[in-house]
Structures are given as C-alpha cells and as structure tokens.
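Report on one structure; see the data block that follows.
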Amino acid sequence: MLAIFNLVPVFPLDGEKILIALLPKATAIEYRQFMQRYGMFVLLALLVPWGGISPISRLISPVISFITTFLVG
C-alpha cells in the first residue's frame, strides 16, 4: 500500500518526479513550480476524509485491489 501511495504525483512523494519526467518540458516546469508551492496543501487535502473516506483512499484502493488480485489470484 505504501508503494502505491508513494506513486501519487504530489510534491513530497516520488510520483511527482515520475510525472515530471513524462511531461513536456514547459508543462513539467509549471507543474514542478506549482507543486513546490502548494504540494503539501494538496497532499493534506487528499488525506483529509470527506464524507467518511479520504480522496487518496478512493484513488489508490482500486489499484491496490487490482494488484492484490493479480498477485494472489
């Protein structure tokens, strides 16, 4: 679960570096600047539960379920 969480493309996490490598240079520069300013706030907003479940959980739960099903069967 932690590995999937770490791939979320928000500044302090590693997914941000992967996304920047995949984006065109101009877009990557803008994204990096935005995330360096507001990335921690975006991450905190994703972690706060809205309506009983956090948005980050809604994003990564299907991925975790798929990988678990693929590995375990």
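The values are calculated or read from the model by the stated rules, or taken from the named source; none is laboratory data. Everything quoted here is computed from the prediction, not taken from an experiment. For neighbour counting, all protein chains shown are included, and Cβ atoms are generated from backbone atoms with ideal geometry for every residue, glycine included. When the accessible area is computed, the model is the full protein with side chains, heavy atoms only, and any ligands, DNA or RNA have been set aside. Shrake-Rupley method; radii C 1.70, N 1.55, O 1.52, S 1.80 Å.
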> What number of residues in the range 39-73 are more than 18 Å from residue 2 (Cβ to Cβ) and surrounded by 14 or more Cβ atoms within 10 Å (Cβ to Cβ)?
Replying inline: 3
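Can you report the number of residues in the range 15-26 which are of a type in the set (D, E, K, R) and either open to solvent by 70 Å² or more (accessible area, probe 1.4 Å) or more than 23 Å from residue 1 (Cα to Cα) (or both)? Give the derivation first.
Let us first name the residues in the range 15-26 that are of a type in the set (D, E, K, R), namely 16-17, 25.
After this cut, where a residue has to be either open to solvent by 70 Å² or more (accessible area, probe 1.4 Å) or more than 23 Å from residue 1 (Cα to Cα) (or both) as well, the list is 17, 25.
Residues meeting the conditions: 2.
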> Within the range 27-38, can you find the residues that are open to solvent by less than 90 Å² (accessible area, probe 1.4 Å) and of a type in the set (A, V, I, L, M, F, W, C)?
Replying inline: 28, 29, 35
